[in-house]
Each structure stands twice: as C-alpha cells, then as structure tokens.
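The values are calculated or read from the model by the stated rules, or taken from the named source; none is laboratory data. Just so it is clear, the model here is predicted, and its values are computed rather than measured. All Cβ positions, even for glycine, are placed from backbone atoms using ideal geometry, and neighbour counts span all protein chains on display.
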Amino acid sequence: MTTAAATHTFAPGDIVSVLLPLPVEAAYDYRVPDHETLVTGDVVEVPLGRRFEVGVVWGPGKGDVAAHKIKPVAQKVGVPPLPEVSRKFIDWVAAYTLQVPGTVLRMTLNPARRWQPPVPVTVIAAAGPSLETAGVKPTPSREKIMAAVARGRTHATMSALAKSAGVSAGVIRDLIDAGVLALLPVKESDEVFTNTAPALEPAQKAAAADILARLGQGYSVTVLDGVTGSGKTEVYFEAIAEAISRGHQALVMLPEIALTAQWMTRFHARFGFAPTEWHSDLKGKQRRENWLKVATGEARVVVGARSSLFLPFLNLGLIVVDEEHDSAFKQEDGVIYHARDMAVVRAREGAIPIVLASATPSLETMVNVQAGRYSEVHLPSRFGAATLPSIGVIDLRQHKPEKGHWGRAWLAPPLVSAIDEALSNGEQGLLFLNRRGYAPLTLCSACGHRLHCPQCTAWLVEHRLTKRLQCHHCGYNAARPTACSACGEKDSFVACGPGIERVAEEAQARWPDAVVKMVASDTLDRPSAVAELIDDILERRVDLLVGTQVLAKGHHFPNLTLVGVVDADLGLSSWDLRAAERTYQLLHQVSGRAGRAERKGRVFLQTHDPAHPVMQALASGDDAAFYAQESDARKLLTMPPFGRLTALIISGSDEIQVRAVGEALAHHAPRGDGIEVLGPAPAFMALLRGRHRQRLLLRTWRNVRPQALLQGWLERIKIPSSVRVQIDVDPQSFF
Ligand code: ADP
Ligand code: ZN
C-alpha cells in the first residue's frame, strides 16, 4: 500500500516511487535521470521489463531495492502533473473499495498512456510590461512578435509563435529574458461564455442563493430536492455559472450520459459553449483531447458518467450529481464503486461543495440530511403553471385486460379509455414497462419446459423484431427451436408475459391510426437516435410511446400528458434491500414525464397489489411517510444506511472449487460485536456467463470498518487462481 504524499521536488539521482496503472500491489522505485527534475504527481514513462509504461510519481522511493538495480525514469510525459487532491482521492478509493491503487489510477490515467506526441503544457503570453516600459528597443521583429501575441491566441511553442509572427525563435527568447513575454502554464480557455439565465422563481432564487453561498467555503453537501419539473437544473446552472466565473471547473455527473441530448442543448443555450463530455462512448483522439482539456483547466464544465470523477481536474470547484438516487451510478465491475458516494469523498478531499439533485433522493441521502451531515434545499412545486400529475391506481384483479383479435392483452379498460381520450385530444401518451423484448419467458405448452440460457440462471427473452431468443445477462442468443428438446412436441412454444414489443403490438392493434413508437436501450443504438427520437416527440410525429426506463429520466415533453405503467409490481418481487425504494423512485420518475407544461398530466399504475406501500405513496404523494416507513424497517434490521453491508461474490467455472472457497471464507469469518456473516449461499444468479457463483454477505454496525476485517479475512485463506472473489462494499445489487 502506497500513500500519495504532499508535493516534493526530486533532483537527478533521487529515487522516486512511481505508481503504475496496473493491478500490482505496490509502486516501484525509479531514479530521476540526469538533467531532469521531477515533482510528485509528474506523469512519467518508465521501463518495465522489456516494455515501457506510463505512471505517476507518487512520492519518495521506498529504497527496498539495491541501488544498482533501480532503473532511471525514461522521460517525463508532456501532460500536467496529477494534482495532490487527485492522488489522495485515488488512495482513498483504493482503500475503501479494497483495490490496489494502480487499478484505481488506471481510471485516471488511461488516456495519458501511450501519449504521443508529448503535449506542451506551457504557453507563451504577454508578461505585462510593454517593450517601452521594459526598456527594450522596439525593433520590427519584436513588434511583430508582440502583435502576434496581442492577436489573442496563445502559442504553445516558440516555433509556433515564431512562425505565426514570421521571425526567428531567438527574438522570442530575448523577450522572455527581458520579462516582456512569459511562459505560462496552460489555463482556462479564453472562450467567452454567455450567461443567459432565466428569471428564477422565488423558491429557485432561494435555493440558488443557498448553494452560491457555499461556493469557495470549503466542503459541503447540499441536497437539491424538488419534484420533477420544479426547475432543479436551472438552480444548479446558477451555481455552475458562478463557479466558472470564479475561474473554477465544475463537474456535472448524470446517470446515463447517452440519453442527455436535451440537457446538452439546454446547457449550450444557457452558457454559449458546449460542456466537455466524458463517458465510455468517447474514442481515441477525442478522449485524449478531452482528458487534456480537463487536466489543463481548459475544460470549464465537464459533464460525465461515473468515471468522470477520476479525471485529473486542475482546479475543480463544484460537483453536481443529478438524479443522485440513480443506481446507474454504481459501477459493478472492475473497481466496484458508487460514483455518488465517491463524488462526496472527492468533494471532501478537494474541500469544495457538492450538490446532490433528485426528485426522489436515496434513503442514504435522506438519512444524512436528517442527521445534519448534509443540508437540504427544497423546491416544492413545478415551475410555472405546470402542476404535478394525478396518479391513479388500477387494480388488475378487478379490471382485467380484455383479449382482442391480436391475442392476449395487457392494458386494462380504464387505461385504454384514458389513452383514447388523450389521443383524441391530440395529446401524447407513454406506456411504461421496464422489460425489453416481446416476452420474458417462452415455454412448451405440452410439457412446460422453459427455455433458459445455457450459461446463466435466466430465461431467454424472445425478441420478435430480431427473431431471436436472447439472454439479457450474457448476450447469448438463439433462434426459437421448432421442437421442444424435452418432450419432442413440434411448434409447442408459447410466449408468457409481456415485454415492450408485445405491448406495442397491442397498442398498434387498439389504435391503428396512432403512430406507436417503441423505445428501449436496444432501439437507441446510435447517439443520433436519441436526438431524432426527442425531435419526433417534440414535433408530435409520435402519438404513443412504449418504452423502458430509458424514457423515464429527465426528459421534458410538453405535449405528453398520459403515462400508463403496465406492470407497477415488476420491481417489487426481487429480493433486494432497495426493491421498494427503487420501484418508488422509478415510478415517480416516469410519472414525472406527464403534464410538464400547461396541460395537466394523468398517470395510471396497473397493479395486483394496490395496498402496497409503494402504490399508496405514489397515489397519495406522501413521500415523507414512505421514506419514514422504509427508514424504520432498515433500522430495525441494521440494514444500510444504519448498518453496513459488504458482499463477497465467489465465482469460477468449477462449481466444487467455488463452493469450497465459500465454505473456507465462512469458516474463517471475522467475529465480534456488530459483525455478522451470512452465507455462503448460491447467488440468485447461481450461474452467470458460465461461471458458478456463491455469495457471502458481511453485515456490520456503522462504527465497524469492514475494510479492516476483510483484509485479514482474505489473507487467512488460499484462493485458487481459477476462482475469483469480488468484494462489493456497499452493494446495490444482490443477484
Ligand atoms: P427539474 O430539473 O427539476 O426536473 P427543470 O429544470 O428541467 O426541472 O425545469 C422544468 C422546465 O421548466 C424546463 O423546461 C425548464 O426550462 C423550465 N424552467 C425551470 N425554471 C425556469 C425559469 N426560472 N424560467 C423559465 N423556465 C424555467
Ligand atoms: Zn446468459
């Protein structure tokens, strides 16, 4: 374990410790080469075996290797040094997630590896004094240089400036020596920004003032809690405007960056420039360019997914996490971390404010507000004349969907007449079902055999559009078999239950004149597809949308007045600590798409359990009661946020080995007050991508640090290399 120390300067011959972006336990020692000075955080290329690798100077060398064996650093890479706060943050995340720091560093450093050509980090600019005041004779070539500098563009190198002025580089060097020109570190772009803020409503004004007052005042967490459509985005835009006018960078984290076309347009309209994006769809050159912009401070606002948190910001002054409750902020493989939680840590390490925005904050966040750790600003109503939609519950036991000429139906009569009404008024509707494909289960009507994935504990989902049966977990797909493999019966397979394709089929059959459009992650396969879809909706080229959760978030469609939730019970059946909370949040979000402008919205929840607390909370709008009830239940069971959970997921291709590791872990489990180990037990997905899986769950009191327990625990047993043990601190999923 290495620790990023404060910044040191190292002279030629000094030994430095260089952290490499690799899953190795420790940083390695290297020697500072002749004629080179290094500082902590410098990005350097070093020899590693027979190749070269790019790493970061992490501190003084450990000196545990014989001096003659230590190799010199090959070269400094031409990118700005990694700031101290980034280094501390990497160490913190590594310790918390029980990863080696190199693995975390990889998320920060990736685009800087194989960097070429080296990018200059200084620019030549006017130092202040004119030729006259500096007592330098104004020759024609000197005048040309000064004119080139005054034209406003900064020049990265002497040769570039010399070329643009049409003089030799020697002239520039003389002017630098004379103090007329200076080599300055690259800093914020001189791109102008406009600040076309709308007039805020009183509640927005108060919320914005509250957040603005925290800028520059060190670390703070503010929860911006306001119903859907209340104008939260405008409020945090105010804070961003202020942060950048003070010369700071701002980071906005959004759960699903691919779906944020509308957000981008709004941002541009407001600020007159596009934010710098950061997400996994960025490729090669664009990725390196954006990375460098962040590192040099040129990028003033970054909008990104989870990993944007690990960017090497030069001077980050504000973080906003929008839709903070969203489970997409949890990274589930590689370094397993929760980006919202780590964003709070990043803010603390950087002594800056963070804003967590949501209409339905997570229970964790609510409890932090109640405990006084976070402060809260509240927007109580929708912006302008818009009001919240009315939410009605349809009891499917009383109102059974009526079969039609197309076959089975999923829309109950009250919902059907509400859609009739909306369509005849020229309004748009959304049918929400969080399930892709045609049917979630295909079974043989002769013997009951169910088609499941050969590699996962999961049924195959029929997709009629692609005419394939798909596993939604591993990507396995196959054609529908003509005969049952269990009983041999021909053409005996029937589809069970609905996916959005099936609901769309019903909708089109019921409303043949309506334009029905299906929307899911697999129909939005190109970035432009999202923009086109939004256009189609805004321009009313679509009457009825049938979609999954990709449509639930953030969007603003003024003419959409009706939302029908086809199966409101869907998320409740899973065994998950947060099943009720998640369902509540998702349904609240999707309901929030209805009636966001002048026309009032209506929402219908189809359920078999109208008395369920989630349905009750949604229908009554009493979210406080729901949160209180959830909170009490978790407290009673010492579940998060009142206790801590850490999951151990053991997997491998050999089931016996996997079970043996699970049992060994249980045998050596830590014991003590406030420590409890559950399992091992086969995971809910006992087979995933061909790997057998067992799970253990460590539950501890809040004052017990699971990391300390885990380290000792894992050292006590021998894990064969063919078995993998993943540690998920604060797990969000339990499958
Ligand atoms: P939220 O983020 O809370 O869901 P938004 O910020 O998206 O809400 O606001 C909802 C709608 O109201 C958007 O169309 C937005 O442009 C508009 N809006 C919000 N505040 C203002 C304001 N002060 N002036 C004009 N329009 C506003
Ligand atoms: Zn599978």
Residue that is of a type in the set (A, V, I, L, M, F, W, C) and surrounded by fewer than 17 Cβ atoms within 10 Å (Cβ to Cβ), where the choices are Ala371, Ala339: Ala371
Residue within region 180-197 that is modelled with pLDDT of 80 or more and exposed (fewer than 13 other Cβ atoms within 10 Å of the Cβ) present: no
Pairs, first at negative phi in region 698-709, second hydroxyl-bearing (Ser, Thr, Tyr), C-beta under 7 Å, six or more apart: Leu698/Thr646; Arg699/Thr638; Trp701/Thr638; Pro706/Thr646; Pro706/Thr700; Gln707/Tyr96
Leading residue by the ranking (farthest from Leu688 (Cα to Cα)) among those in region 470-497 that are within 11 Å of ligand 2 (Cβ to nearest atom) and in a strand (DSSP E or B): Ala478
Condition broken by Val519, with the remaining ones in (1) at pLDDT 95 or above; (2) touching a strand residue (DSSP E or B) at 6+ places or on another chain (Cβ under 7 Å) satisfied: (1)
Members of region 340-394 found to be among the charged types (D, E, K, R) and touching a helix residue (DSSP H, G or I) at 6+ places or on another chain (Cβ under 6 Å), listed by number: Arg340, Arg346, Glu349, Glu376
Filter result for Leu356 (buried (at least 20 other Cβ atoms within 10 Å of the Cβ), modelled with pLDDT of 95 or more and within 16 Å of ligand 1 (Cβ to nearest atom)): yes
Every residue from region 212-222 that is in contact (Cβ under 8 Å) with a residue 60 or more places away in the chain, surrounded by fewer than 23 Cβ atoms within 10 Å (Cβ to Cβ) and not small (Gly, Ala, Ser): Arg214, Leu215, Gln217, Tyr219, Val221
Residues of region 206-244 that turn out to be touching a Phe, Trp or Tyr at 6+ places or on another chain (Cβ under 8 Å) and either within 16 Å of ligand 2 (Cβ to nearest atom) or of a type in the set (S, T, N, Q) (or both), as a count: 3
Residue that is surrounded by the fewest Cβ atoms within 10 Å (Cβ to Cβ) [pool: residues in region 16-28 that are at pLDDT below 95 and either out of contact with any helix residue (DSSP H, G or I) (no Cβ under 6 Å at 6 or more places or on another chain) or of a type in the set (Ser, Thr, Tyr) (or both)]: Glu25
Counted residues, region 193-229 - those being more than 24 Å from Gly621 (Cβ to Cβ), assigned to a loop (DSSP other than H, G, I, E, B), within 15 Å of ligand 1 (Cβ to nearest atom) and not β-branched (Val, Ile, Thr): 5
Residue match in region 655-666 (condition: exposed (fewer than 14 other Cβ atoms within 10 Å of the Cβ) and out of contact with any Pro (no Cβ under 9 Å at 6 or more places or on another chain)): yes
Per-region count, region 365-383, residues in a loop (DSSP other than H, G, I, E, B) and touching a residue at least 12 places away in the same chain (Cβ under 8 Å): 6
Hey, Ala625 more than 28 Å from Glu427 (Cβ to Cβ), modelled with pLDDT under 95 and aliphatic (A, V, I, L, M) or not: yes
Set Leu356, Leu388: member being part of a loop (DSSP other than H, G, I, E, B) and closer than 25 Å to Asn434 by Cβ: Leu388
Members of region 579-592 found to be out of contact with any Ser or Thr (no Cβ under 8 Å at 6 or more places or on another chain) and of a type outside the set (Ser, Thr, Tyr), listed by number: Ala580, Leu586, Leu587, Val590
Restricting region 710-735 to residues that are part of a loop (DSSP other than H, G, I, E, B), of a type in the set (Gly, Ala, Ser) and touching a residue at least 40 places away in the same chain (Cβ under 8 Å), the residue that is surrounded by the most Cβ atoms within 10 Å (Cβ to Cβ): Ser733
Set Val550, Val530, Val566: member being surrounded by 16 or more Cβ atoms within 10 Å (Cβ to Cβ) and modelled with pLDDT of 95 or more: Val566
